[in-house]
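A short worksheet on the structure shown next.
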Ligand code: DSN
């Protein structure tokens, strides 16, 4: 058998270049992270060869004795780590997971309510062009002018629109969610409550964010963000044991069965078994005391980075952060979000352009950028490093055309990435 370098030089070259980019750059996109070598090993394993439609013990294919073992381990680890009765570890990723929740709990045309993407929500929370608004009636809530959720406003909207499903969760909200308030709102209008904890799952494990368990009816999460696993997702719930081969009523107690039946036969075919094994390994890692310390350092670093940026005169949405991310309004620097993303990329700092509340610009060139600390914290970076990064980002945004400033930022990136190496075993 040939390796990639011998068999496919074109792909090999691009892959090596990506290894160099990750090793020598500062990855500040808050939804990204660096998995362990063990997680990567599972992703590249023979498990990718196997079909396993169904669930452990109830498969439509033979030869699944080892896959059953792996999926059972993944499910048990997820249940124990989050403290829930049931875990489905088969969703291919976050969007399919949310699609499965909608498929399980709603009929086409039913109303769902989520945070608008333009205010930090996610496409699957009811964006006009997404399945969540094409097949369901979507009602969107917003933040207030300063970027904070306004729970009275959300309650008023829920009472007016009577959604069947309310979604709490975000991709660019720098503050904590009050899951109790969301539970009360959902109960008042007799709606199911979905907590999409994709961004904050690792922080919940680390005790850095309250858990929605016992408050939300169903919880979805990707596994590759603060949880630091492979790309993938899980759906967690409490209720009666799942009976995936039997149709059940749409009640809270039956959510485990409703979710399992929504995944297969509702939406998906064969689970990605290599991904399931990698999720199991990541859950084992997340159960270790070091992971708790990692999660705490992620939020400490986010605060340190936010403080450094504020000291340099940056304008942060909600004036700071209590989680792993922050959104900067870059208009005072006289650049657009797209320009900021490009110039920071040119010095080795990766961020993404992002809408700010009540943005007057368009999503492809909005007024903000979003940054976060999960990936650089995995490299071991600390508050002192955050201070340097904040100073460099602000100076680049203040003087995006000054070659000396850009060179100084490049030097800072090189020094930090050498001080905190990534994947030393990978030599491109
Ligand atoms: N694309 C993810 C993010 O960047 O937050 C959400 O799915």
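Here are some notes:
- Residue in the range 275-292 that is more than 24 Å from residue 198 (Cβ to Cβ) and buried (at least 20 other Cβ atoms within 10 Å of the Cβ) present: no
- Residues in the range 126-143 include at least one that is on the phi > 0 side of the Ramachandran plot and within 16 Å of the ligand (Cβ to nearest atom).
- Listed conditions (1) closer than 14 Å to residue 355 by Cα; (2) free of Cβ contacts under 8 Å to residues at least 60 places away in the same chain; (3) surrounded by fewer than 21 Cβ atoms within 10 Å (Cβ to Cβ) are all met by residue 170, apart from (3).
- Residues of the range 161-198 classified as in a loop (DSSP other than H, G, I, E, B) and either within 19 Å of residue 322 (Cα to Cα) or within 15 Å of the ligand (Cβ to nearest atom) (or both), total: 12
- Of everything in the range 24-37 that is part of a loop (DSSP other than H, G, I, E, B) and within 23 Å of residue 353 (Cα to Cα), the residue that is nearest to the ligand (Cβ to nearest atom) is 31.
- Test: residue in the range 75-92 that is under 25 Å from residue 238 (Cα atoms), part of a loop (DSSP other than H, G, I, E, B), within 16 Å of the chain's Cα centre (by Cα) and within 16 Å of the ligand (Cβ to nearest atom): yes
- Close Cβ contacts (under 7 Å, 6 or more residues apart or on different chains) running from residues in the range 267-281 that are over 20 Å from residue 65 (Cβ atoms) to residues that are at pLDDT below 95 are absent.
- Close pairs (6 angstrom Cβ cut-off, 6 or more residues apart or separate chains): without any contact (Cβ under 8 Å) to a residue 24 or more places away in the chain in the range 97-125, assigned to a helix (DSSP H, G or I) and surrounded by fewer than 24 Cβ atoms within 10 Å (Cβ to Cβ) anywhere: none
Yes/no matrix, rows are residues, columns are (1) away from the ligand (no atom under 16 Å from the Cβ); (2) more than 30 Å from residue 137 (Cβ to Cβ); (3) under 24 Å from the mean Cα position of the chain (by Cα); (4) outside any helix (DSSP H, G or I):
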site: 11; (1), (2), (3), (4): yes, yes, no, no
site: 17; (1), (2), (3), (4): yes, yes, no, no
site: 22; (1), (2), (3), (4): yes, yes, yes, no
site: 47; (1), (2), (3), (4): yes, yes, no, no
site: 62; (1), (2), (3), (4): yes, yes, no, yes
site: 96; (1), (2), (3), (4): no, no, yes, no
site: 101; (1), (2), (3), (4): no, no, yes, no
site: 109; (1), (2), (3), (4): yes, no, no, yes
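- Residue count for the range 225-242, restricted to those that are within 14 Å of residue 78 (Cα to Cα) and within 11 Å of the ligand (Cβ to nearest atom): 1.
- When restricted to residues that are touching a helix residue (DSSP H, G or I) at 6+ places or on another chain (Cβ under 9 Å), assigned to a loop (DSSP other than H, G, I, E, B) and crowded, with 16+ Cβ neighbours inside 10 Å, the range 111-154 contains 10.
- Qualifying residues in the range 37-60 (those that are closer than 26 Å to residue 256 by Cβ and free of Cβ contacts under 8 Å to residues at least 24 places away in the same chain) - the one surrounded by the most Cβ atoms within 10 Å (Cβ to Cβ): 59
- From 107, 85, residue being closer than 19 Å to residue 216 by Cα and surrounded by fewer than 20 Cβ atoms within 10 Å (Cβ to Cβ): 85
- Boolean, residue 257 is buried (at least 20 other Cβ atoms within 10 Å of the Cβ), assigned to a helix (DSSP H, G or I) and in contact (Cβ under 8 Å) with a residue 60 or more places away in the chain: no
- All positions within the range 351-365 that are within 14 Å of the ligand (Cβ to nearest atom) and in a loop (DSSP other than H, G, I, E, B): 351, 355, 363
- The number of residues in the range 302-325 being assigned to a loop (DSSP other than H, G, I, E, B) and within 22 Å of the chain's Cα centre (by Cα) comes to 5.
The values are calculated or read from the model by the stated rules, or taken from the named source; none is laboratory data. Since this is a predicted model, take the numbers as computed values, not measurements. Note that each Cβ is placed from the backbone with ideal geometry, even for glycine, and that neighbours are counted across all protein chains shown.
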